[in-house]
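Presented below is the structure to which this report refers.
Since every read-out is calculated from the coordinates, none of them should be taken as a lab result. It should be emphasised that the depicted structure is a prediction, and the values quoted were computed from it without experimental measurement. Cβ sites come from the backbone with ideal geometry, for glycine too, and all protein chains shown count toward neighbours.
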Amino acid sequence: QPLVTASSPATNGVLRVALAAVPDSLDPALFVTTEAFQFGFMVYDGLLWVDHTLTPQPMLAETWTHSADLLTWTFTLRQGVTFHHGTPFTAQDVVYTFTRLLDAQTGSPLRTTLQFIDKAEALDDYTVVLRLHTPNMDLPLLLGAAQVRIVAHDYTSKQLVAKPSGTGPFRVAERVGDERISFVRN
């Protein structure tokens, strides 16, 4: 039997996927379930992603370097990236994302893992520095986590839940309660 592709007449370019449950959260900082991770990887991008050999690869960060003492990590960001709601991606969004992740009020399950980070600073629109109080060579691997997906600085937590907006390959087209979420290619 021939392979059915997304462009086959039988599918009209639609792929349907059934998950065991709906995502527990649409805010990346709060992701804890497999369904939320799958959702997050479709809608949001991170600074880096981790390939099948556990090697960090560029995503929203084109390059990164670290100081000899591993306390200062500098990321050069991709330019020309736009969030689904139209705001350009800049270093301000990375700072906002890390500020949220490290804030106890946000309640991110990744907060305790990232407690070695003192703060994120924007040096300019496309350069971010993460300052650590404890050296950590595994930082690039941790940046591949679903919870570290970048969110827009002008988008509130309530907006993330109502209609998520990332820079990822798919945009949320429709959400019908806890029944289904529809996406369109970004």
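Please work out whether segment 60-170 counts as rounded, prolate or oblate from its C-alpha gyration tensor, where a ≥ b ≥ c are the square roots of the eigenvalues and a/c under 1.5 means rounded, while otherwise a/b larger than b/c means prolate and anything else oblate? The shape class here is oblate.
Only one residue of SER108, GLY144, GLN57 has its Cα farthest out toward the positive end of the dipole of segment 29-175, where Lys and Arg carry +1 and Asp and Glu -1 on Cβ, and that residue is SER108.
Across the options THR72, PHE83, VAL22, the greatest Cα extent toward the positive end of the charge dipole of segment 1-131 (unit charges at beta carbon of Lys, Arg, Asp, Glu) belongs to VAL22.
By its C-alpha gyration tensor, with a ≥ b ≥ c as the square roots of the eigenvalues, how is segment 22-109 shaped: rounded for a/c under 1.5, else prolate for a/b larger than b/c, else oblate?
Details: a/c = 1.41, a/b = 1.34, b/c = 1.05.
Cα axes put segment 22-109 in the rounded bin.
Name the GluC sites (Glu not before Pro) in segment 86-186 that are in a loop by DSSP and that have at most 11 other C-beta atoms within 10 Å, would you?
Numbers: sites: GLU121, GLU174, GLU179; in loops: GLU179.
Loop-located and lightly packed - GLU179.
The HN-Hα couplings worked out from phi for segment 108-122 by the Karplus form 6.51 cos²θ - 1.76 cosθ + 1.60 (θ = phi - 60°) are 5, x, 8, 4, 5, 5, 9, 5, 6, 8, 6, 6, 10, 10, 8 Hz, whole numbers, x standing for Gly and Pro. For segment 23-111, the Cβ-based charge dipole about the Cα centre amounts to some 120 debye (Lys, Arg positive; Asp, Glu negative; other atoms uncharged).
Placing unit charges on the Cβ atoms only, positive for Lys and Arg and negative for Asp and Glu, gives the chain a dipole magnitude near 440 debye about its Cα centre. One chain, two ends: SER182 and ARG16. Fully extended at 0.36 nm per residue, the span grows by 58.8 nm beyond their Cα-Cα distance. Note on PHE116 and GLU174: their simple-model spin labels are 4.6 nm apart, each label 7 Å out from Cα toward Cβ.
Between helix 91-102 and the chain there is an angle of about 90 degrees, using the helix long axis and the longest principal axis of the Cα atoms.
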